[in-house]
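Peer 1: This is the structure, below, for whatever I ask next.
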Amino acid sequence: MFYGLNKFIKNVLPKRLFYRALLIVAVPVILLQLIITIVFFDSLWIKTNKGMTKALVNEINTFIEIYNDEIYEKDEITNLFSIYQNLNIEFIDDKNFKYDYEERWFSPIDRTLRRELKSKFGSNTFWFDTVSYKELIDMRIKSDLGYFKFLIPKDRVTSSSARIFALWITVPAAIVIFISLIFLKNQTKPIIKLAKVAEKFGKGEEIGEFKPSGASEIRQAGYEFDKMRKRIIRHLNQRSEMLSGISHDLRTPLTRMKLQMAFIKDKDLSNKLSEDINEMEKMLNEYLQFTSSSYLEKHDEFNLSKLIDEIVKKYDNENIQINLIPEVYINGRKNLIKRSINNLIDNAIKYADKLTWN
């Protein structure tokens, strides 16, 4: 079970170091922002709005109760509430109270208003609209002789700090993540550079001056790689020098053997020995050429079909037949592949009667 879960997590997570490091930085920041936002809206913003809405509904209920009391002057009560409670009130003498409104369940203001009005006045006795006016709420409360129309500022039921809070939550988080992206990019560049240099060296391509950069651990890895590269190059140079010395030493006895073959009266034996000596000399030259160029020759893209055709034409041998080859482009060491094809053709000519290249 745990193995399967671990494998699933590995498959889901990104493979590159940059994106993994970004997750390490971004995920805690986003989680922290979500937790703070949920706590704020649950404990502060929603509860504050609920208290403000409840106070407003109580004020409206108080106004209606006083308005319906015959001992008070109705116009005077309306003016007092309009001035001191910031309520624009109008009584409409119309018993036909039929209003349908869309229930915006996603709006916290609508949900709170609906809950408080329903608990205070009951169902089908109120109507409100929070969308038609930008800064006002249009509210209608049913009465015995008609209904009351209230125009209420939205800041009476909602706190403006929510927008400021959302701004201060999202903007700094975005800035922090953006700065993290820049730092992470700068930290992963030296690793990518080291990987590319190691790849080029592994292919035998020549590398210029390599200067490690980045964090101390990455620089340490870069310095160690550079030391290893120089040791390998020094070893290859020593090997080439040793083989060059061996080649020089072997040429002297081979030359003596050629001179001695001139005094052999048996021509068949002399020709066989001459062929063996020439083959030994050719093998030695090819091996020395290969060891001296295998770590200096760069990978290039070339047409393999064209190369084979050129090599076959140079032999000018009727026993070599080549069929039409489609153009094939490969990336590799051109001289090395050319020597390999020459060796194949030479061996085929030597040990076979006819060579067909498909």
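Peer 1: Yes or no: the stretch 172-179 includes at least one residue that is out of contact with any helix residue (DSSP H, G or I) (no Cβ under 7 Å at 6 or more places or on another chain), in contact (Cβ under 8 Å) with a residue 40 or more places away in the chain and within 30 Å of Leu31 (Cβ to Cβ). First the steps, then the outcome.
Peer 2: Taking the stretch 172-179 first, the residues out of contact with any helix residue (DSSP H, G or I) (no Cβ under 7 Å at 6 or more places or on another chain) are 172, 174-175, 178-179.
Add one more test, that the residue is in contact (Cβ under 8 Å) with a residue 40 or more places away in the chain, and what stays is none.
No, the stretch 172-179 contains no residue that is out of contact with any helix residue (DSSP H, G or I) (no Cβ under 7 Å at 6 or more places or on another chain), in contact (Cβ under 8 Å) with a residue 40 or more places away in the chain and within 30 Å of Leu31 (Cβ to Cβ).
Peer 1: Of the residues Leu34, Leu23, Leu5, only one is in a helix (DSSP H, G or I), at pLDDT 70 or above and over 20 Å from the mean Cα position of the chain (by Cα); which? Let's see the steps before the verdict.
Peer 2: Details: Leu23 fails: over 20 Å from the mean Cα position of the chain (by Cα); Leu5 fails: at pLDDT 70 or above.
Just one listed residue meets the conditions, Leu34.
Peer 1: Which residues, taken from the stretch 228-245, are among the small types (Gly, Ala, Ser) and in contact (Cβ under 8 Å) with a residue 12 or more places away in the chain? Give the steps one after another, and end with the answer.
Peer 2: Here is the first cut: in the stretch 228-245, the residues among the small types (Gly, Ala, Ser) are 240, 244-245.
Of everything in the stretch 228-245, those that are among the small types (Gly, Ala, Ser) and in contact (Cβ under 8 Å) with a residue 12 or more places away in the chain turn out to be Ser240, Ser244.
Peer 1: Could you grab me the full set of residues in the stretch 154-166 that are surrounded by 15 or more Cβ atoms within 10 Å (Cβ to Cβ) and at pLDDT 80 or above?
Peer 2: Within the stretch 154-166, Arg156, Val157 qualify.
Peer 1: On to the next question. Return the total of residues in the stretch 165-188 being over 22 Å from the mean Cα position of the chain (by Cα) and of a type in the set (Phe, Trp, Tyr).
Peer 2: 2
The values are calculated or read from the model by the stated rules, or taken from the named source; none is laboratory data. Given the structure is predicted, the values throughout are model-derived calculations rather than measurements. Don't worry about glycine lacking a Cβ; one is built from the backbone with ideal geometry, like all the others, and counts go over all protein chains shown.
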